[in-house]
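What follows is a single structure, written as structure tokens, with notes after it.
The values are calculated or read from the model by the stated rules, or taken from the named source; none is laboratory data. For clarity, every value in this text was computed on a predicted model and none was experimentally measured. Cβ: placed from backbone, ideal geometry, glycine included. Neighbour counts: every protein chain shown.
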Amino acid sequence: MSKQLNDNDSQRLCDTIVEGMQENKATDIVVLDLREIETAVCDFFVICSGESSTQVDGISSSVERHTRNILSEKPWRIEGKNQSEWILMDYIDVVAHVFYKDTRTFYDLEDLWADANRLDVPNLN
């Protein structure tokens with residue numbers, strides 16, 4: 001299991017995950033800061049969308065590669081790779097959610113965690 005990170009480390013991991021998403025042209029990237037929510041399971045959720053299952057898979061691979069290269073971090077667990085509609089990458093203190101666009105709308109994590117501080121990351125074009 002990964003070590004527990006301090007606030008600065010989890011913020012850096014969050015930023016690095018965002019960069020990995022941007023490398024593969026993820027859209028609608030949102031960072032939910034959960035640190036002030038008592039019942040939160042981690043410090044941050046990083047959520048993004050892909051236009052196809054192939055892109056969703058590519059985004060998750062990009063995040064995994066980028067965090068390994070920049071921070072020497074690997075996800076503790078990855079779920080959903082087989083279907084590539086919602087890939088969850090659990091880094092313990094930061095959880096990345098890579099969604100196929102329609103699946104993201106259905107689950108609406110941003111609304112479920114509406115108490116979190118939200119940062120909408122501008123798309124890079």
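Within segment 99-115, can one find any residue that is assigned to a loop (DSSP other than H, G, I, E, B) and farther than 16 Å from V31 by Cα? Among the residues of segment 99-115, not one is assigned to a loop (DSSP other than H, G, I, E, B) and farther than 16 Å from V31 by Cα, which makes the answer no. Restricting attention to segment 11-29, the residues that are in contact with a Phe, Trp or Tyr (Cβ under 9 Å, 6 or more places away or on another chain) and surrounded by 20 or more Cβ atoms within 10 Å (Cβ to Cβ) total 3. Scanning segment 72-89 finds no residues that are touching a Cys at 6+ places or on another chain (Cβ under 9 Å) and within 20 Å of W113 (Cβ to Cβ). Among the residues making up segment 79-107, those that are β-branched (V, I, T) and under 19 Å from H66 (Cα atoms) are I87, I92, V94, V95, V98. If you go through segment 46-63 and keep only what is within 16 Å of N82 (Cβ to Cβ) and touching a residue at least 40 places away in the same chain (Cβ under 8 Å), you end up with G50, S52, S53, V56.
Here's the yes/no breakdown for (1) out of contact with any Ser or Thr (no Cβ under 7 Å at 6 or more places or on another chain); (2) at pLDDT 95 or above; (3) hydrophobic (A, V, I, L, M, F, W, C):
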| residue | (1), (2), (3) |
| --- | --- |
| S60 | yes, yes, no |
| V63 | yes, yes, yes |
| E79 | yes, yes, no |
| N82 | yes, no, no |
| H97 | yes, yes, no |
| P122 | yes, no, no |
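Can you tell me which residue is surrounded by the most Cβ atoms within 10 Å (Cβ to Cβ) among those in segment 94-125 that are among the small types (G, A, S) and touching a residue at least 40 places away in the same chain (Cβ under 8 Å)?
Looking at the filtered set, the residue picked out is A96.
So, in segment 47-93, how many residues would count as being among the small types (G, A, S) and within 11 Å of the chain's Cα centre (by Cα)?
Total meeting the criteria: 2.
Of everything in segment 37-93 that is basic (K, R) and part of a loop (DSSP other than H, G, I, E, B), the residue that is surrounded by the most Cβ atoms within 10 Å (Cβ to Cβ) is K81.
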